[in-house]
Structures are given as C-alpha cells and as structure tokens.
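Participant: The following block contains the structure, expressed as structure tokens.
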Amino acid sequence: MNQLLWLIPGAPILSALIIVLLGGFLRYRHIAVLASCAAAAAFLTVLLAWLNGAANAQPLQQTVYTWVAVGDWRPTVGLMLDRISLVMVSVVSGVGLLIHLYSIAFMAKDNDYRRYYFFLNLFLGGMLLLVLADNLLLLYLGWELVGLCSFALIGFWYRDPVRASAGRKAFITTRIGDLSLALGIFLLFSQFNTLSLPVLFDAISEQWQPNSQLAAITAFMIFAGAVGKSAQIPLQVWLPDAMAGPSPVSALIHAATMVTAGVYLIARMHPLFELTPLVQWTVAAIGAVTILYGASSALAQNDLKRVLAYSTISQIGYMFLALGCGAYAFALFHLVTHAFFKSLLFLTAGAIIQANNHEHDIHRLGSHGGHSLLMHGCFLVGAASLAGIPVITAGFYSKEAILTTVWPASTGQLLWVIAALGTLVTSIYIFRTYFLLFQNSQKAVSISPVNRMMVWPLFILALLSITAGFVEFPAGWPGPQLWSTWLENEFGTATHPPLATVYVLQLIASLLPLLGAGIAFLLVRREKTGYRLPLSDFLRDGWKFDATYKIVLVGGYFRLAHFFKLIESLLIDAMLHKMTRGYKVFATYCRTGFEYGVLNRGLNGLLSGLRFGHAQLSTAQNGLLNRYALMICAGAVFLLGYWLW
C-alpha cells in the first residue's frame, strides 16, 4: 500500500496536466469524465487504504524522490498517511469526487470548461498533497498551490470586474497568513535543521521547554497562517466575496477543503501549540469571537450564498475553539460533519440559483416559488444539521462534543456561553433562510428539472449529513464513541466536566436549535411586514471590516504611494534641471559645432536606447498570467539545463 500513496495527490495533478496539454483536442464530456475519473482514482486509493487496515496500522510512508540536496539537508517529496491525514484525505477526496460529478451537469453550458477542470483538479491535488506531506516544505508547496487555484476558481468568470476583484481579494488577503507561515517554517528550520514532521516533533518536545519564547513566536506565526487560510478574524474578509465563483467551487473550497486547511495545520502541529498555553488560548478566543461574527453577519444577509459564506466562517470558528481547548479530535469531527452538510447546502443553493436564472436574493427566490421537493428536502436536511437539531443530525453530535469539552478549559464557561449563543443565532439565520426561500414552495411555476448527475451527490451528502454523527455519541449516552477512541493515540483523551454538568449542558445544547427555529419563524413573519433587525446594515456589511480596512490599509497605502511619487517627481525634476544646466554650460565650452553635434547625438541616442529598453521590459509586466508562467518555466528550464551541463 505504501507504494500507492502517490496516486492520491498524483492522479488529480496528472489529470490537470493532461487537460492543459491535450485539452484542446478533447470535447467537454471527455474532459469532464477525465477529471472525474482522476478524482475517483484518488478516492478509491484512499478506500483501498482503509480496507488494508491503514486506520489501525502504523503510519504509511512513501518517498517519491529527493527534492533538493543541500549538504546534509535533503528534503524529499515524501508522503505520510496516519490517522490525522487519513481523516483529511477521506473527506477531501470523497467530497471532491461528488463535486466533480455534480460539475458535469452544472458546467455543461460554460465555454471555459477546460480552464475550470484544470484548476479544479489541480486544486484537489494540491490539497491532498498538503495533508499527506511528511515535511513542512512539501506542505507549504501544497498550501501555496491551493491558494493559487482558489484565486483562479473564485475569479473564474473574470470578465466580470466584481468577480475578478473577489479573486484578487482572496489571493492578497491570504498572502498575509502565508507569509507568516513561511516565517514560522524558517524559524523551525533555523532551530532544528530539519522540516521532517516526525523528527521535528521529537526535537520540539526535547529541546523547547513549556512557555518557551521561541516556541510561542513560532506557534503564533503558524497560527496566523491558519487564520488567513481558514478566514478567521481579522483575515476573514475574503470569504464572503469568494462566493463570486461557481457554486461547486464554493462547496469544494469553502466547505470541505481550503478553509479547513488551517484547522488541519494546527491539529498537525499540536505538539508545538501544547507548549504555548497563551497561544493556544488565543486560538480558542479567536474562534469564539469568529463564531459570533459569522453567525450575526449571516443573520442580516439576503444573498443566499453569502448567508452560507458567513456560516462557514462561523463554523470554522467552532473548530478553532475546539483546537484552542485541546479537543483536537472533536475539531476534526466537526470538520467532517461540516464538510457534508455545508457541501449539501452549497450544491443545493447552486441548483436553485441556476434554475431561477441566477437569482441570489432569498426574498425573490421565495416569491418565485416552484422549488422542487428534492431541493426542499436537501436544503432542510443541510439546514437542520447546520443548526444542530438534536439526535437526528450529524451536526448536533459534533457541535455538542465541542461545547461539552470547552466547559472545563481555561475561561471555559465564558467561551461556552459565546459558543452556545452562536448555536442559537446559527439556528435563527439558517431557518430564516429556509422559511424565506421556500415560503411559496407549492406555487406552480415552470422550472427546469435537476439533472440526474446533480441529484446523486445531493442524495449522498444528505445521507451523510444525518448519519455521520453516529460514530461519536455524547458523553454519558448509551452508544459508541468510536471517533475519540480511534484518535486517542494521536491526541489523547479530552477532558469532560462531571456527568451531572454534562447532562445540563447537553440539554441546553439540544434546546437552543429548536428555540432558534421558532424565533426564525416569528422573525420571518415580522420581516414580511417590513421589520428590520437592529444594526442590520452594520451586520450585513460584516461589522464594517471591509470599510475599515479600505480606509486604514488601502487608503493609507495609496496616500503613502502618492507621497513617494511626489518626492520622486521633485527629485527627478531637480536632477533633470541640474543636468540640463550642466549640459548647456558644457556645450558653451565646445570648440566647434561638430563637437556639439556629436555630444547632442550621443545624448539623444542614450535617451532613445533607454526608452526602447523601457518599452521592451514593460511588455513583460502586462498582467497576463500565461506570460508570467511562460517566463517562469523558461527560467526553470534554463537553470535546470545549466545545472545538468
């Protein structure tokens, strides 16, 4: 099995290369089938690993080749499949395959299908490479590959300036976190001269003491990288605008893969975070605040996909809260259930929007009516699981596990209150959306039927959104607790409060979603009469983060740029003035007109040469990504040829 690990990230990456090289000779159905088969190959390899006992065996490792050899340092393209990465590759490849199948019908009428499937497969391969990497250098390569592909997929319809701007915004915002992660990796290498994860964890535990200053700085840098990729406060502003991409992209990037990369990173690096309680508490605090931020902002949205976008921010906050409280296994548990029900919601929303002439407003979609029973049922299942309706939904089991383990943590009571309030608001906003969206569902309106290729992924995700939680029954319940037991060797055992307290917390966690559904029903009835939520504009604009950043950061940057431009122009004008005066003085001392003519022609020739060089170099900086890629490849080929020679 070890020798087949490369197929998991390799199949989608190879498919992407085939599409980009030979896609011009293939029709849509050939490219769609090729991309879907690559995703299926990755998923079947993961399934084969499960069947061969990878879940209970020692970690599987495969060294594909030595990447770089610099003295004693030889980083490899090495893959490692342990229980943490097995969880991630199962979710990413499984949900990725369903989204590929859904895309076959969804993207059938789009003319840029070749570019879509190229980046979709490359994104899937990059994410699988990220979670399978056995060293931080390869992990960072997958991290950046995911960021590049998300930029291309979010801005897929780039001819629309708003959509193109959303792609740029995502790319630039996540660069902040990526830079911090790179600095954290450099710091680890400078201290331990290795980036191999198993060796690194042993060295960290042996050489760094708890509350070490270096450990705290490194952990904070890695945490900042996770904040950017997982859209947590204060780097969350890119995610709501990222809904500009196609709905399958929203489901893949913002439910199951990219936004969970930060959760995986902290869970993978947990030995480092456990040495720094202050940074770990910061992880929990940021997660708790983000829960309220995302849930309250979603409450005031009228765009269907933006509701789900803010919901994603809030739900990732639950995972960060669990990570900060040391409940790593339950953070991954919620990651899995969230991937199922949020993908279901995004794909259902995409089908509804496509069937209603790309209308996004939930009020207008509700007034249209005529939504099929399938869409009604799938959205209801996803909404119920997101809200955490007790006993019958997967979201209840994963969210309840987090709430229970938060209580005994440091300042756990305060964090629990915030998370519980987030649960109530979550139920309100998602059932508000449901009631508005399907308020006239019985209205007879002629709409196009949903393609069968889009139906099967919805059925599978709906089933998983109900049943996936049954692997971990709440503490004190008569039922299996397979998940926490299975990950006990990786993360240890989570701490629970006394059983009497547990039952009280579980009762409250069960009643809050039901109370939220009732409040949502009353809120929708009042909203039809023109009622507006207090601070609705403030909440709809995401607590005015975008406006603040535009004034402070963007405005400050342009003011600084204008200042430097003014200084530059003054300096250049002064220099030109002095050069002109010097030229005139020198010309008066020329003995003949011939000397003056030679000097004049020489200076004019120099200026013409500079203008020509400027014009030629400017063509290389024209904003065309394919030109940049060609130059990078040409440089790489030159360097490789020189090295071989």
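Participant: Using the count of nearby Cβ atoms within 10 Å as a rough guide to exposure, how do 527, 206, 400 rank from fewest to most?
Facilitator: So the ranking, lowest neighbour count to highest, is 206, 527, 400.
Participant: What full-extension length gain, to one decimal in nm, is calculated for residue 160 and residue 57 as 0.36 nm per residue of separation minus the Cα-Cα distance?
Facilitator: Full extension from residue 160 to residue 57 adds 32.0 nm.
Participant: Below 18 Å Cα-Cα, how many Lys pairs turn up in the chain? Only count pairs eight or more apart in sequence, or on different chains, if you could.
Facilitator: Lysine pair count for the chain: 8.
Participant: How many percent of Cα pairs in the range 156-540 exceed 36 Å?
Facilitator: 23
Participant: If you find the alpha carbon centre of the range 207-266 and of the range 72-141, how far apart are they in angstrom?
Facilitator: Using only Cα atoms, the two centres lie 17 Å from each other.
Participant: Using Cβ counts within 10 Å as a stand-in for footprinting exposure, how do 371, 496, 338 rank, fewest first?
Facilitator: Values: 371 24, 496 18, 338 29.
Final ranking by Cβ density, sparse to dense: 496, 371, 338.
Participant: Tell me, how many Å apart are the Cα centres for the range 309-375 and for the range 522-561?
Facilitator: If we compute the Cα centre of each part, the gap is 22 Å.
Participant: Run the numbers for residue 601 and residue 361: contour at 0.36 nm per residue of separation, minus the present Cα-Cα distance, in nm.
Facilitator: Fully extending the segment from residue 601 to residue 361 adds 79.7 nm.
Participant: Oh, and also: Given H placed on each backbone N at 1.01 Å, which residues far from residue 481 in sequence or on other chains put an amide H within less than 5 Å of it?
Facilitator: Distant-sequence amide H within range of residue 481: 473.
Participant: Using a 10 Å cut-off around each Cβ, can you sort 402, 18 from fewest to most neighbouring Cβ atoms?
Facilitator: Final ranking by Cβ density, sparse to dense: 18, 402.
Participant: Further, regarding this structure: How far, in nm, would the chain grow between residue 414 and residue 565 when pulled straight, counting 0.36 nm per residue and subtracting the alpha carbon separation?
Facilitator: Between residue 414 and residue 565, full extension yields an extra 49.4 nm.
Participant: Can you list residues whose amide H is under 5 Å from residue 76's amide H, if they're 5+ apart or on another chain and H is modeled 1.01 Å from N?
Facilitator: Placed amide hydrogens put 67 under 5 Å from residue 76.
Participant: Match the structure shown to one of the listed values (i) 27.7, 108; (ii) 29.6, 116; (iii) 26.7, 81 of Rg and Dmax of the Cα atoms in Å, computed from it, and give that label.
Facilitator: (i)
Participant: Right, another one. How would the range 73-115 be classified by its alpha-carbon gyration tensor: rounded, prolate or oblate, with rounded meaning a/c under 1.5 and the a/b versus b/c comparison settling the rest? Please report the intermediate quantities before stating the final value.
Facilitator: On the way: a/c = 7.25, a/b = 1.93, b/c = 3.76.
Because a/c hits 1.5 or more and a/b fails to exceed b/c, the range 73-115 counts as oblate.
Taken together, the values in this text are just the output of simple stated rules run on the coordinates, not laboratory data. Keep in mind that what you see is a predicted model, and the values were worked out from it rather than measured. Note that we place each Cβ from the backbone using ideal geometry, even for glycine, and neighbour counts take in every protein chain shown.
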